[in-house]
Amino acid sequence: MTTPAATRATLALGAALLLALAALPARAADPALKLHQGDIFTDPVGSVMGVSITNGTNATIGSAVVTCTFTAKGKAAGSASTTIFNIVPGDKGQDQVHLMGASADAATCSITATTPAGN
């Protein structure tokens with residue numbers, strides 16, 4: 001049986017760990033990482049942009065954040081992001097960026113952060 005004090009201590013430890021992980025620096029995108037934008041389409045939920053990253057480095061990328069700014073008829077419609085995990089050297093990781101609630105006809109995307117793979 002867990003005591004209330006032990007539960008509070010466990011929660012405090014978990015919160016401290018999350019804060020420590022959040023404080024780790026995210027690296028800027030390496031020029032050897034190539035971002036590719038696919039087609040944009042609209043569904044009943046919003047707008048969707050397919051994205052992929054080709055890893056031209058010698059190391060596995062633990063995660064890469066792709067952020068897209070969506071527009072509709074040239075006016076800002078919103079922005080959204082996705083994280084692609086574990087992209088090995090010479091390979092491609094892919095995902096979709098979903099903008100909820102807006103119909104967009106264009107998007108501009110960029111790699112906004114990367115983290116190294118944890119060995």
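Need pairs with beta-carbon distance below 8 Å; first residue over 25 Å from T114 (Cβ atoms) and within region 65-79, second open to solvent by less than 30 Å² (accessible area, probe 1.4 Å) and part of a loop (DSSP other than H, G, I, E, B); sequence gap 6+ or separate chains.
Listed pairs, sorted by first residue: T71/A104; A72/A102; A72/A104; A77/A102; A77/A104.
Name every residue in region 81-95 that is more than 10 Å from the chain's Cα centre (by Cα) and part of a strand (DSSP E or B), in order of residue number.
N86, I87, K92, G93, Q94 - these are the residues of region 81-95 that are more than 10 Å from the chain's Cα centre (by Cα) and part of a strand (DSSP E or B).
Provide a single number: the residues in region 103-116 that are assigned to a loop (DSSP other than H, G, I, E, B) and either within 15 Å of P31 (Cα to Cα) or touching a Ser or Thr at 6+ places or on another chain (Cβ under 6 Å) (or both).
Selection size over region 103-116: 2.
Give me the pairs, please: first residue somewhere in region 81-100 and over 12 Å from T57 (Cα atoms) and touching a residue at least 24 places away in the same chain (Cβ under 8 Å), second residue anywhere and open to solvent by 20 Å² or more (accessible area, probe 1.4 Å) and outside any strand (DSSP E or B), beta-carbon distance under 7 Å, and either six or more positions apart or on two chains.
Qualifying pairs under 7 Å: N86/T60; N86/A117; M100/V45.
Just for region 27-59: of the residues that are assigned to a strand (DSSP E or B) and among the aliphatic types (A, V, I, L, M), which one is surrounded by the fewest Cβ atoms within 10 Å (Cβ to Cβ)?
L35
Restricting the search to region 60-94, which residues are among the hydroxyl-bearing types (S, T, Y) and open to solvent by less than 60 Å² (accessible area, probe 1.4 Å)?
T60, S63, T67, T71, T82, T83
The values are calculated or read from the model by the stated rules, or taken from the named source; none is laboratory data. Keep in mind the model is a prediction, meaning the values are calculated, not measured. Methodologically, a virtual Cβ is constructed for each residue, glycine included, from the backbone with ideal geometry; neighbour enumeration extends over all protein chains shown. Heads up: the accessible areas ignore ligands, DNA and RNA and are worked out on the full protein's heavy atoms, side chains in. Shrake-Rupley method; radii C 1.70, N 1.55, O 1.52, S 1.80 Å.
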